[in-house]
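The structure appears right after this line, and notes come after that.
Every read-out reported here was derived from the displayed coordinates using simple, explicitly stated rules and does not represent laboratory data. These numbers come from a predicted model, not from an experiment. Neighbour counts run over all protein chains shown; Cβ positions are idealised from the backbone, glycine included.
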Amino acid sequence: MKTITTHYIDGAFVESHGRETMDIISPTSGKLIGRHTLGDQEDTRRAIAAANRAFATYGTSKPEDRAGILRRLHRAASARIDDLTALMVEEYSGIVQFARPIVESAVDAFAAAEKAFPELQWTRSWGKTTVTLEPVGVSGLITAWNANVLFMCLKIASAVGAGCTVVIKPSEMSALQARVLVEALHEAKLPNGLLNVVTGLGNTVGAELVRNPDVAKISFTGSVGVGEGIMRDGAATMKRVTLELGGKSPTILLDDANLEKAIPAAFALAFMNSGQACAAGTRLLVPKSRLDEVKRAIRTAMSGLAVGDPADPKTAIAPMVSQKQYERVQSYIRKGIEEGAEILAGGEGHPEGFEAGFFVKPTVFVNVKNDMTIAREEIFGPVLCVIAYDSEDEAIRIANDSQYGLHAAVLGTDLQRAHRVASQIRAGRVVINGMADDPQAPWGGFKFSGVGREFGRYGIEAFLETRAILDA
């Protein structure tokens, strides 16, 4: 069993002032695999003070010096890709075919941030005016459990690239992954206080970051409720905020789609990371004229959707992260039945043979109306809602009829038409004919999916302020 009792503050691993502990439970077996000590307000204040001291120097560093820091972080993190992948599988039950690409993307975030530097005009002058981009200051980074290493690396890369010092509160449900990542980054031999990590609860560590006047910026990935609280409470000290708050993403299957390609693509979007993904395409919009053949194609595809050990490359659906999350998914499946949706596949309870751990049955509902709870709220599990539409205009209207606007997809053979439809969806990112990624493309949402953008130059800019100096 692994035990963690320290936090990373001012360039060293120091014993926690907080004494409360938290068990780490394997989602696959339900057994205890570790325990960690949670940080408290005092730990957080010490980390903020260290970051504040370091900012006095690092905040005046040159872009070329920060680029060198990013290269060192990239080399250090690259050395632990295998360890981080294994821990994502063990601690979180991320399926290995998802976990490794996520960890690789996390490590590459440092290189991607450096690559974005030429697009940033750090200094611009005209006449007697000079405008510079300046780091906002000490930044609090708060990450979620479903891809914790990715969120940590992405936020660190953007903040450090901008010239900020950071205090990170990783998800308390990802303590093992966070520890190995911090051990790796420690080998980059950063200036003391540049990087600080305190693992603890949101209502202690997170709350102190949000209300502390020495923290200038909060970057948060997580739930809408917490994001609303950060905006509200951070206003007292005029915090700058970037919030990525989830989604209920639509996938529009156009009437010219090739189902042999479109249904696997729709499944990959809906069931990525066992459905525990903010970008998951959990609303599949299907033309009524093709609904019956889509149902047949879904039944066939579901028969090949393997539930099992996340370490097995054949596994597509692993257990939920916790008993609480298992129960949350079960409650939504029951709600869907109560509201009149029809189960095409899956349903309540554990899959046969997987009674241990937090396994759920991957579930597809049909005859779903967009005003049903299962079509409105983020379930964060492998539950797909199939919604029928009559026309292209109606499909777009249904897609946009949501409080969320993070991600969306369009599936069809006529690419010009698919792009036309994509351009009318109110979402921060829209993919066509399958999941696509670009580490320089902005990531973030419309509406309740959040505020601001991450990745590439957009992510770095979120940690910068502009300053104008004018000669009389």
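Diffusion coefficient of region 250-439 by Stokes-Einstein, Kirkwood radius over Cα pairs, 25 °C, 0.890 mPa s: 148 µm²/s.
Under 29 Å of direct C-alpha separation, and excluding same-chain neighbours fewer than eight residues apart, K369 reaches these lysines: K248, K261, K288, K295, K324, K335, K361, K447. Converting phi to 3J(HN,Hα) with the Karplus coefficients 6.51, -1.76 and 1.60 and the offset θ = phi - 60°, region 182-189 yields 5, 4, 5, 5, 4, 5, 6, 6 Hz in sequence order, with x at every glycine or proline.
Think of the chain as a dipole: +1 on every Lys or Arg Cβ, -1 on every Asp or Glu Cβ, centred on the Cα centre; then among G353, L285, A236, A236 lies furthest on the positive end.
Between I33 and E339, the distance separating the two model label sites (each 7 Å from Cα on the Cα→Cβ line) works out to 3.3 nm. According to the Cα-based calculation, Rg over Rh for the chain is 0.99, with Rh computed by the Kirkwood formula. Just want the answer: with Cβ charges of +1 for Lys and Arg and -1 for Asp and Glu, which residue in N433, S402, I333 is farthest toward the dipole's positive end in region 303-450? Going by the charge dipole, the pick is S402. On full extension, the segment bounded by R467 and A356 gains 34.2 nm, given 0.36 nm per residue less the C-alpha separation. Summing charges over all other residues whose Cβ lies under 10 Å from the Cβ of R211, with Lys and Arg as +1 and Asp and Glu as -1, gives -1.
Panel order for S303, S171, by other beta carbons found within 10 Å of each beta carbon, from fewest to most: S303, S171. By other beta-carbon atoms within 10 Å, ranking T204, T143, T129 with the fewest at the front produces T129, T204, T143. Compared with the direct C-alpha span, the chain from M231 to N400 gains 58.4 nm at full extension, assuming 0.36 nm per residue. Report summary: the helix-based calculation at 222 nm, which adds -39500 (n - 2.57) for every DSSP H run with n ≥ 4 and divides by the residues of the chain, gives -11000 deg cm²/dmol. Report the residues of region 195-224 in range of a label on R53: point 7 Å along Cα→C-beta, backbone N strictly under 15 Å from it. Those under the cut-off are 195-197. Magnitude of the charge dipole for region 355-460, about its Cα centre and with charges confined to Cβ atoms of Lys, Arg (+1) and Asp, Glu (-1), is about 280 debye. Of all aspartates and glutamates in the structure, the ones whose alpha carbon falls short of 15 Å from that of K115, not counting any fewer than 8 places away in one chain, are E64, D65, D438, E454, E461.
Amide H neighbours of I387 under 5 Å, at least 5 residues apart or on other chains, H built in the peptide plane: list them. Here L284, L285, V286 satisfy the definition. Here the Debye sum runs over all C-alpha atoms of region 172-297 as equal scatterers in vacuum, and log10 of I(q)/I(0) at q = 0.13, 0.18 Å⁻¹ comes out as -0.75, -1.01.
Given R₀ = 22 Å, what would the calculated FRET efficiency be for Q440 paired with T60, taking r from the Cβ atoms and rounding to 0.05? Calculated value: 0.25.
Residues whose amide H falls under 5 Å from that of L464, counting only those 5 or more places apart or on a different chain, are V136, with hydrogens built in the peptide plane. Find the centroid of the Cα atoms in region 158-218 and in region 388-416, then give the distance between the two in whole Å. Spelled out, the Cα-based centre of one part sits 38 Å from the other.
Computed extension gain for D414 through L305, at 0.36 nm per residue and net of the alpha carbon distance, reaches 36.4 nm. Applying Stokes-Einstein at 37 °C and 0.692 mPa s to the Kirkwood radius of region 1-123, computed over alpha-carbon pairs, gives a translational diffusion coefficient of 190 µm² s⁻¹. Rounded to the nearest Hz, the phi-derived 3J(HN,Hα) couplings of region 246-263 under the Karplus curve 6.51 cos²θ - 1.76 cosθ + 1.60 (θ = phi - 60°) are x, x, 9, 6, x, 10, 8, 8, 6, 6, 9, 5, 8, 5, 4, 9, 6, 5, where x marks glycine and proline. Taken along its three principal axes, the alpha carbon spread of region 80-163 comes to 59, 23, 16 Å, from the longest extent down to the shortest. Within the same chain, lysines fewer than 8 places from K189 are excluded, and of the rest, those with a Cα less than 20 Å from its Cα are K62, K155. Each residue of region 437-442 was assigned a 3J(HN,Hα) from its phi angle through the Karplus curve 6.51 cos²θ - 1.76 cosθ + 1.60 (θ = phi - 60°); the sequence is 9, 8, x, 9, 7, x Hz, with glycine and proline shown as x. Computed from Cα positions, the angle between helix 291-302 and the longest principal axis of the chain comes to roughly 60 degrees. Distant-in-sequence amide contacts of L406, defined by a placed amide H-H separation under 5 Å and a gap of 5 or more residues or a different chain, comprise K248, G428, F446.
Sorted fewest first by neighbouring Cβ atoms within 10 angstrom, E64, E134, E461 come out as E64, E134, E461.
Just to be sure I understand the curve: with the Debye formula and one point per C-alpha of region 130-241, what is log10 I(q)/I(0) at q = 0.14, 0.15, 0.19 Å⁻¹? The computed values of log10 I(q)/I(0) come out as -0.53, -0.61, -0.97. Dipole check for the chain: with +1 at the C-beta of Lys and Arg, -1 at the C-beta of Asp and Glu, and the Cα centre as origin, the magnitude is about 780 Debye.
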